[in-house]
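A.B. asks: Shown below is the structure under consideration.
Every read-out reported here was derived from the displayed coordinates using simple, explicitly stated rules and does not represent laboratory data. Quantities reported herein were computed from a predicted structural model and do not represent experimental measurements. Don't worry about glycine lacking a Cβ; one is built from the backbone with ideal geometry, like all the others, and counts go over all protein chains shown.
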Amino acid sequence: MTLFSKLPDVGTTIFTVMSKLATDCNAINLAQGFPGFDCYPYLHDLVNYYVSEGYNQYAPMSGVPIFKQRIAEKTSRVYGVDFKAESEVTVVSGATEALFAAVTAVVNKGDEVILLEPCYDSYAPAVVLNGGVPVYVSLRLPDFSVDWDKVKSAITDKTRLIMVNTPHNPCGYVWTQKDLDTLAELIQDREIYIVSDEVYEHITFDGREHLPMFSHPVLKERTFACGSFGKTFHITGWKIGYCLAPEKLTAEFRKIHQFLTFSTATPLQYALADFMMEPSRYLHLNAFYNRKRDLFCRGLMKTDFEFTPAQGSFFQLVSYGHLSQESDYDLAVRMTKQLGVASIPVSVFYHDKTDHKMLRFCFAKEDEVLEKALELLQGSIF
């Protein structure tokens with residue numbers, strides 16, 4: 001028997017590879033993007049309560065009603081945009097599922113999908129598995145802002161979807177109002193949808209505000225906004241995400257969602273619904289991570305790396321092209337083995353492995369872990 005792979009060029013993700021290498025080398029793992037600290041103890045108590053009270057069977061397909069209501073309330077409170085909890089909010093098993101379901105809902109064979117790269121590694125496979133054609137547009141160096149002239153040139157009569165990400169992983173760029181206005185102008189007279197990855201929505205720095213795609217009236221009518229409580233509440237292992245979209249788009253989204261996971265863990269939804277009654281638990285997240293970014297950047301100043309502090313997310317890029325022409329993948333592996341600090345080579349976020357001699361570090365770790373990693377990074381590697 002011959003099995004023809006639908007993803008012949010896809011192997012084990014770099015996050016798995018580098019995390020395993022970090023474990024094998026007993027290195028500090030600043031590669032994979034997960035917090036190095038636990039969630040709030042009160043969340044433990046809430047989950048234990050709902051498990052013990054018997055909330056352990058299937059949740060409704062689109063999510064527990066009170067949880068969807070809390071998500072709608074949060075969206076209205078933070079962004080001043082209203083969504084109908086019952087027909088425009090869907091709870092999913094992680095933002096990756098939301099992204100896949102949204103792509104599947106609108107992309108058909110031969111449709112072109114614009115991907116702004118570097119980009120998260122699940123985007124292109126979702127497009128390919130649905131018969132779509134990825135069209136890659138590189139972000140502008142050095143700040144990784146969007147080159148709108150290139151985007152305009154990439155749009156054709158076959159363009160069905162544009163996938164966007166703000167705050168950006170891995171680069172940390174935060175979209176501006178001008179970005180939203182320009183995107184709206186480009187697509188307002190075309191049949192083009194938006195899938196927006198906004199999982200780092202509450203992690204922006206230096207006074208910047210996250211501007212969701214649905215905050216723009218033109219974009220709202222054609223956007224699937226994908227969010228994650230894993231990043232917001234330090235619970236990546238819970239795999240709790242959501243999708244906000246107009247009613248007609250949500251109806252198509254749910255047709256896909258019901259055959260992917262059907263529903264998401266019931267007691268976790270009830271626990272989060274209670275937890276979200278206090279807005280400060282997500283409104284102050286940017287200050288928490290701003291301090292960690294600053295701590296990490298102060299330490300990086302004592303290394304040979306060059307960098308610009310991230311505008312958002314919990315990742316920091318560093319550049320080493322002024323020091324060496326070694327490939328970023330080789331350097332990341334060597335640093336893990338020799339210095340004891342694991343990172344992600346940025347070239348893996350490009351379809352053609354474009355190597356700008358940059359590495360990505362995750363600073364969502366305890367302060368003492370960051371300080372130890374910085375001490376090691378100040379050692380000689382070049």
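A.B. asks: Counting Lys +1, Arg +1, Asp -1, Glu -1, what net charge surrounds residue 220 among other residues with beta carbon under 11 Å of its beta carbon?
C.D. replies: Here the charged neighbours net out to -2.
A.B. asks: Same structure, new question: Hey, fewest Cβ within 10 Å first, where do 369, 151, 113 land in order?
C.D. replies: By the 10 Å Cβ count, ascending, the order reads 369, 151, 113.
A.B. asks: Name the residue from 127, 236, 202 whose Cα lies farthest towards the positive end of the charge dipole of segment 54-281, charges +1 on Cβ of Lys and Arg and -1 on Cβ of Asp and Glu.
C.D. replies: Positive-end residue among those listed: 236.
A.B. asks: Okay, next question. I need the peptides 28-34, 1-7 ranked by packing, meaning the mean over residues of other C-beta atoms within 10 angstrom, with the highest value on top.
C.D. replies: 28-34, 1-7
A.B. asks: Note down the relative contact order for segment 211-342 as a percent, whole number, built from C-alpha pairs under 8 angstrom at least six residues apart.
C.D. replies: So the answer I get is 12 percent.
A.B. asks: Got a sec to turn the phi values of segment 86-103 into Karplus ³J(HN,Hα) couplings, 6.51 cos²θ - 1.76 cosθ + 1.60 with θ = phi - 60°, whole Hz, x for Gly and Pro?
C.D. replies: 6, 10, 10, 10, 10, 8, 10, 8, x, 5, 4, 5, 4, 4, 5, 5, 5, 4
A.B. asks: Please turn the phi angles of segment 247-253 into ³J(HN,Hα) values with the Karplus equation 6.51 cos²θ - 1.76 cosθ + 1.60 (θ = phi - 60°), one per residue in order, whole Hz, x for glycine and proline.
C.D. replies: 4, 5, 5, 4, 4, 5, 4
A.B. asks: Under unit Cβ charges (Lys, Arg +1; Asp, Glu -1), what dipole magnitude, rounded to 20 debye, does the chain have relative to its Cα centre?
C.D. replies: Dipole about the Cα centre, nearest 20: 320 debye.
A.B. asks: Pick out which of 95, 245, 184 has the largest mean-square fluctuation in a Gaussian network model of the chain, springs linking Cα atoms closer than 10 Å.
C.D. replies: 184
A.B. asks: Skipping prolines and chain starts, which residues have an amide H placed within reach, meaning under 5 Å, of the one on residue 166, given they are 5 or more residues away or on another chain?
C.D. replies: Under 5 Å from the amide H of residue 166 lie the amide H atoms of 197, each far enough along the sequence or on another chain.
A.B. asks: Also, quick follow-up: Taking the Cα centroid of segment 1-80 and of segment 103-142, what is the distance between the two, rounded to the nearest whole Å?
C.D. replies: If we compute the Cα centre of each part, the gap is 23 Å.
A.B. asks: Something else now. Considering only 166, 192, 216, whose Cα is most displaced toward the positive end of the charge dipole of segment 155-247, charges sitting on Cβ of Lys, Arg (+1) and Asp, Glu (-1)?
C.D. replies: 166
A.B. asks: To continue, here is another question. At what distance in nm do the modelled label points of residue 143 and residue 40 sit from each other, each positioned 7 Å from its Cα along Cα→Cβ?
C.D. replies: 3.4
A.B. asks: If you don't mind, there's one more thing I want to ask. Which residue fluctuates the most in the chain, going by a Gaussian network model with Cα springs under 10 Å, if the choices are 91, 127, 17?
C.D. replies: Most flexible of the set in this elastic network: 17.
A.B. asks: Output wanted: per-residue J couplings in Hz (rounded whole) for segment 185-190, from phi through Karplus 6.51 cos²θ - 1.76 cosθ + 1.60, θ = phi - 60°, x for Gly and Pro.
C.D. replies: 5, 5, 10, 4, 9, 10
A.B. asks: Another question, then. Using a 10 Å cut-off around each Cβ, can you sort 330, 189, 179 from fewest to most neighbouring Cβ atoms?
C.D. replies: Ranking 330, 189, 179 by Cβ neighbours within 10 Å, fewest first, gives 189, 330, 179.
A.B. asks: Only counting other Cβ atoms within 10 Å, I'd like 20, 68, 357 sorted with the fewest neighbours first.
C.D. replies: 20, 357, 68
A.B. asks: Can you give the local net charge around residue 114? Use residues other than it whose beta-carbon is closer than 13 angstrom to its beta-carbon, Lys and Arg +1, Asp and Glu -1.
C.D. replies: +1
A.B. asks: Place the peptides 287-293, 222-228 in order of packing, highest mean first, counting for every residue the other Cβ atoms within 10 Å and averaging per peptide.
C.D. replies: Those peptides, ordered most packed to least, come out 222-228, 287-293.
A.B. asks: If you don't mind, there's one more thing I want to ask. Could you tell me what percent of the DSSP beta bridges with both partners in the chain are antiparallel, to the nearest 5?
C.D. replies: Expressed as a percentage, antiparallel bridges in the chain total about 45.
A.B. asks: Also, I was wondering about something else. Show me 69-79, 48-58 ranked by packing, highest mean number of other Cβ atoms within 10 Å first.
C.D. replies: Answer by packing, highest mean first, reads 69-79, 48-58.
A.B. asks: What dipole magnitude, in Debye to the nearest 20, does segment 271-382 give about its Cα centre under +1 on Lys/Arg Cβ and -1 on Asp/Glu Cβ?
C.D. replies: Around 40 debye, computed over segment 271-382.
A.B. asks: Among 274, 38, 121, determine the one that fluctuates most according to a GNM of the chain built with springs between C-alpha atoms less than 10 Å apart.
C.D. replies: 38
A.B. asks: Quick one: which residues, 5+ away or cross-chain, put their amide H under 5 Å from the amide H of residue 133? H built at 1.01 Å from N.
C.D. replies: Under 5 Å from the amide H of residue 133: 110, 111, 112, 113.
A.B. asks: Got a sec? Charge dipole of segment 10-107, +1 on Cβ for Lys and Arg, -1 for Asp and Glu; which of 106, 62, 31 is way out at the positive end?
C.D. replies: Going by the Cα projections, it comes out as 106.
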